[in-house]
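Beneath this line is the structure, given in structure tokens, with notes to follow.
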Amino acid sequence: MRLDLNLLVVIEAIMLERNVTRAAASLSMSQPAVSNALRRARSLTRDQLFLKVAEGVQPTARMMAIWPELHRSLAAIRASIAPEQFDPRTDPTSFRIAITDSLAAEAVSGITLKLQSMSPYARVAFSFHTNASSLEGIDRGTLDCAVGMFPSLPRDIHVQGLRTDHYLCVMRPGHKVGNEMDLGRFVTASHVLVTPSGVDLGVVDGWLSLHGRRRTIAAVVNHFADALRIVARSDLLTCVPSGFINGPGAGLVAQHGLVSYDLPFETEKLIYKLVWHERLHTHPAHQWFRSVVADVCGAPVAATP
């Protein structure tokens, strides 16, 4: 059997994009050329590989079975022929990263500006982060790395701790809970929960469960800034990392005169982590990019004027 490696590259692109048109664009090929390559790959494997769906294509069971080894093998081939040295001043490289909301307002601009300064030909694309979607993207290869809290990680994922933080309870000035907040008043009040996934349980709820308590969730939003705007005009409470309050959210806190208090029960520290797949662990360009991310996201958050 004669194997054309170009067919594997096309299959990989379709798998990553789940859309033939987008795969063609990512490979700088015409859609007919990609479709022709897919027909040849189907003949070679004696399988459809991808089935049409409303939003593009979805992989068959056969494609899902061969995908992990195919993706790893192509990554290994690319790494073996990639330059041993990476010069950020001249090398054009694309990086893909997802960053958790509490750091994104600061980190997205910081990483982009630093990249423009140090690597003018590089390109960076940011994605919306949830722990599950970022790990899926890293596994599929649609993300190079991600910054989040990640309570658990697969064995083939590398991790670097960036910074620690803790939650504060935020409310409008003059709120009836105020200085007399205790665990009872905390759980009796209604809360705004911030979670990018939309799931109605967060880290704070996990801690409360250890005390045998539950709080009332009145609203679930995706961004901390939205939660601050809501509590500023209501009797709702929200729990926000202190780094966000003192950094990207400082303007909203000052604008509305919001007040914050320590949570009235025992909690753990939040640990922000940078994670990436084993296949990019020794890649020079990605090692350099991760150092840029760690430098931006590992520094203390400075309040924005």
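The values are calculated or read from the model by the stated rules, or taken from the named source; none is laboratory data. Not measured: the values here are computed from a predicted model. Don't worry about glycine lacking a Cβ; one is built from the backbone with ideal geometry, like all the others, and counts go over all protein chains shown.
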Report task. Among the residues of the stretch 126-161, count how many are touching a Gly at 6+ places or on another chain (Cβ under 7 Å), over 21 Å from residue 23 (Cα atoms) and in a loop (DSSP other than H, G, I, E, B). Result -> 1
Report summary line: Condition set in contact (Cβ under 8 Å) with a residue 60 or more places away in the chain and of a type outside the set (Gly, Ala, Ser), scope the stretch 55-76, selection nearest to residue 141 (Cα to Cα): answer is 71
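Return the only residue of 75, 61 being over 21 Å from residue 279 (Cβ atoms), more than 13 Å from the chain's Cα centre (by Cα) and among the aliphatic types (A, V, I, L, M). Even if it seems obvious, please write down each step before you answer.
Values: 75 fails: over 21 Å from residue 279 (Cβ atoms).
Just one listed residue meets the conditions, 61.
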Report summary line: Those residues of the stretch 219-251 which are among the β-branched types (Val, Ile, Thr) and farther than 20 Å from residue 201 by Cβ amount to 245
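Name the helices (runs of 4 or more DSSP H) wholly inside the stretch 1-92 in which the number of residues that are under 28 Å from residue 134 (Cβ atoms) is 3 or more.
Per the criteria, 5-17, 20-27, 61-81.
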Query raised in the report: List, please: which pairs have Cβ atoms under 7 Å, are six or more places apart or on different chains, and start with a residue in the stretch 219-243 that is closer than 17 Å to residue 261 by Cα and end with one that is in a strand (DSSP E or B) and aromatic (Phe, Trp, Tyr)?
Result: 239/167; 240/167; 241/167
Report summary line: Expected single match for outside the structural domain of residue 106 (by TED's automatic domain parsing) and either among the aromatic types (Phe, Trp, Tyr) or in contact with a Pro (Cβ under 8 Å, 6 or more places away or on another chain) (or both) among 232, 189, 225 is 225
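Say whether the condition of being farther than 28 Å from residue 26 by Cα, surrounded by 15 or more Cβ atoms within 10 Å (Cβ to Cβ) and of a type outside the set (Lys, Arg) is met by at least one residue in the stretch 106-121. Reasoning before the result, please.
Keep residues of the stretch 106-121 that are farther than 28 Å from residue 26 by Cα, which gives 106.
Filter again for surrounded by 15 or more Cβ atoms within 10 Å (Cβ to Cβ), leaving 106.
Adding the requirement that they be of a type outside the set (Lys, Arg) leaves 106.
The answer is yes; a qualifying residue exists.
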